[in-house]
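What follows is one structure encoded as structure tokens, with my remarks underneath.
Derivation of every value follows stated rules applied to the coordinates shown; laboratory data play no part. Just so you know, these numbers come straight off a predicted model, no measurement behind them. Every residue, glycine as well, gets a Cβ built from its backbone with ideal geometry; the counts of neighbours run over all protein chains shown.
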Amino acid sequence: MLELTQVGCRMAGRWALREISFAVPAGQAFGLSGPSGSGKSLVLAVCATLIPGYTGIVRVCGEDVRSRRSSVRRRIGYVPDAIGLDPDMTVREDLEFFAGAHGMARQAGRNAAAAALERWQMRPVADEPMGTLGRGFRQRVGLARAWLHEPQVLILDEPAGGLDAEGRELFAGALRRHLDAGGSALLGTSSADLLQWSDRIGFLVAGSLHRVAATRELVSEPAMPLSGVR
Amino acid sequence: MIPFWRVGVWRGRIPAVASFCALHTLLVAWVAWYIIEMHWSTAPVGASATPLPGVAFRAAWIAGALCLLVVAPGVGAGTAQGRWIGPDPTRTLPVSETGRAASAWIASCVMSGLIWAAPLPFYLALFGMGAFTVWDAAPPFTLQVAVVTVGPLFGVLFARWRSRKSWTAEAGHV
């Protein structure tokens, strides 16, 4: 579903990513971990069609990210590290706007927004301006936008940032349902409890993929960050 | 493109457009009034107040054109940029760059057009008092219309370029 082959990217005159290759098949989540500045967000941004100047090949559902950008954007749901929002727009208006931008008719967009408000338990703040929301609810808005059009591939950069325990539970449930339905996900995070929801984990160090391993192997390794999580 | 046009480009813009309308009108009126006052102060006692001197119209439209030259690209940039706090979340929507830029350009042309039209009653008053003829008005107004249609385009292109640069810089903050 998501496939990166020998992906490289230069930023400010140096190679920020080098020869990144991995694939995320349907029904699986791939966690991308690594220290700050290792290039996690950049890999996710490349997959989310935001960085045109990269080398190598990135395919989403068999479509090339560089040449089939609009089509790829219909298939992905992207949560960036920082959620951009219009402070005067209400949560409901925001979701209806994004539904419309994904090509839904007005009534279908309203229904999708209402379902998202229910799914992410945002009904109490549905008609609040987003400028008044706390960080946790802003993150839920970002997640709700990404799930709104039922994408095949989720690209999630620190998806649980700012979420409380309830929000994390909602996120975990939504991710599990997405994977069970045959979708796939790429998670960029340094949070160990999120990585445990990934089927495989890749460790980025200075822009290079240092190691890829199944999560269950890593959990049993005492020196790895996931040991003792479960 | 349609929801972007309906919500993204118009939302929250009315107060800013109204302020620019007021600014443009006040500037044009103040410049024209200043020239007319100077003219009257040097006119012989008992001379007719009309027709007003043509220089009042010329100075007014030049001031108006300079105002539009500054405001129109700003309106275009603001419209293309949207009112997002943080990174523009519409960057990954399946809306083409061309469609998005065209929406912003058309909307900012309409807004700039409203700003351009704001002092028209004042110009009509000057026309009524003989400050200019229809033929005098044609070239300046054509120039101003060109400014309110082309000016926003520069703003839109600048905003799209800056938006792309900021996304790249953010993602590349490795």
*Output ³J(HN,Hα) for the stretch B:105-115: one whole-Hz value per residue in order, computed from phi by the Karplus curve 6.51 cos²θ - 1.76 cosθ + 1.60 with θ = phi - 60°, and x for Gly and Pro.*
5, 4, 4, 6, 5, 4, 5, 5, x, 5, 5
*Inter-chain Cβ neighbour average for residues A:87-99, partner chain, 10 Å*: 3
*DSSP beta bridges in the protein assembly as shown [antiparallel fraction, %, rounded to 5]*: 55
_Under 5 Å between amide hydrogens, which residues at least 5 positions from A:Leu32 or on another chain qualify, with H placed 1.01 Å from N in the peptide plane?_
A:Leu187, A:Gly188, A:Thr189, A:Gly202
_Let me confirm one metric for peptide A:72-85, namely the mean number of other chain beta-carbon atoms within 10 Å of its residues' beta-carbons._
4
_For chain B, size of Cβ-based charge dipole, Lys and Arg +1, Asp and Glu -1, in debye_ = 660
*asked:* Just want the ordering: A:Thr215, B:Thr92, from fewest to most Cβ atoms lying within 10 Å of their own Cβ.
replied: A:Thr215, B:Thr92
*How large is the charge dipole for the stretch A:73-179, taken about the Cα centre, if only the Cβ atoms of Lys, Arg (+1) and Asp, Glu (-1) carry charge, to the nearest 20 debye?*
460
*What number in nm² do you get for the stretch A:41-88 if you take the convex hull of its Cα atoms and divide its surface by four?*
4.0
*Is there a simple number for the mean count of other chain Cβ atoms within 10 Å of the Cβ of residues in B:81-87, and what is it?*
5
*By how many degrees, between 0 and 90 and to the nearest 10, does the Cα long axis of helix B:134-171 differ from the longest principal axis of chain B?*
20
*Give the value in nm², to one decimal: projected area of the alpha carbon convex hull of the protein assembly as shown, averaged over all directions.*
24.1
*Find how many whole Å separate the alpha carbon centroid of the stretch A:89-129 from the alpha carbon centroid of the stretch A:33-77.*
26
*222 nm [θ] for chain A, helices only, -39500 (n - 2.57) per DSSP H run of 4+, per residue, to 500?*
-10000 deg cm²/dmol
*Mean Cα-pair separation over length for chain B, i.e. relative contact order, pairs under 8 Å, 6 or more apart, %*: 36
*In whole angstrom, and with the biggest value first, how far do the Cα coordinates of the stretch B:46-174 range along each principal axis?*
77, 24, 20
*In whole angstrom, how far apart do the alpha carbon centroids of the stretch B:41-97 and the stretch A:187-218 sit?*
54
*Based on the mean of other beta carbon atoms within 10 Å per residue, what is the order of B:19-28, B:147-156, A:68-77, most packed first?*
B:147-156, A:68-77, B:19-28
*Counting only residues 5 or more places away or on other chains, whose amide H sits under 5 Å from the amide H of A:Leu2 once H atoms are built in the peptide plane?*
A:Val24, A:Cys61
_Relative contact order for chain A, counting Cα pairs under 8 Å that sit 6 or more residues apart, in percent_ = 28
